[in-house]
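Before any comments, here is the structure.
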Amino acid sequence: MKTILFAIDRMNPDPQALEYTLGLCRRMLAKLDVLHIIPSPAKRARHIKKIASGALRARDAFENTMIKATFAEAGVADPEQALKKAAYNQFKRLLPEKAEARIDYHCVVTENSTDTVIEQYVSHHHNVVLAVFDSQSVKMKRIKRVPGRSIMPKLAIPLVRVKNA
């Protein structure tokens, strides 16, 4: 069966990006794989320091405050598991109930770059025919087709990058 990959590199997926991806799955009769990429706690700690210095936007500060609260609630015994649980809960809130059966959700807490994680995932899952990337690292909100080689040189499938404000 064909599979579409929905890659997310932030805690809060864009509802419009998810709806766009689910629409593609319906039209192509494809299954959806979600790859939620979260920086490791060490990388996240460096990110939080930047927030304290005022270098990041308020939305990023909110997301990181939420993550810190999740750590506190979880007793910080396993920050990686706390991140994965928070990410899944954020994603599940946006998901229509009837879509759950056709979705495989994977959360990766990593030091690697988003590009590297997506490339590795696609190379190990040969049924992926298209990737939709909901990225936090861009400024304007619109859906645009981008040649895969300009963003991820080793990605061998078409890529749609969702730009989010």
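I'd like to check which strands (runs of 3 or more DSSP E) are fully inside segment 70-165 and have at least 3 residues that are at pLDDT 70 or above and closer than 16 Å to residue 35 by Cβ.
Qualifying strands (runs of 3 or more DSSP E): 103-110, 128-135, 159-163.
Of (1) in contact with a helix residue (DSSP H, G or I) (Cβ under 6 Å, 6 or more places away or on another chain); (2) modelled with pLDDT of 90 or more; (3) open to solvent by less than 10 Å² (accessible area, probe 1.4 Å), residue 38 satisfies all except one. Which?
Condition (2) is where residue 38 drops out.
The values are calculated or read from the model by the stated rules, or taken from the named source; none is laboratory data. Note that this is a predicted model, so its numbers are computed, not measured. Please note: Cβ atoms are built from the backbone with ideal geometry, for glycine as well, and neighbour counts cover all protein chains shown. SASA here: full protein model, heavy atoms, side chains in, ligands and nucleic acids out. Shrake-Rupley method; radii C 1.70, N 1.55, O 1.52, S 1.80 Å.
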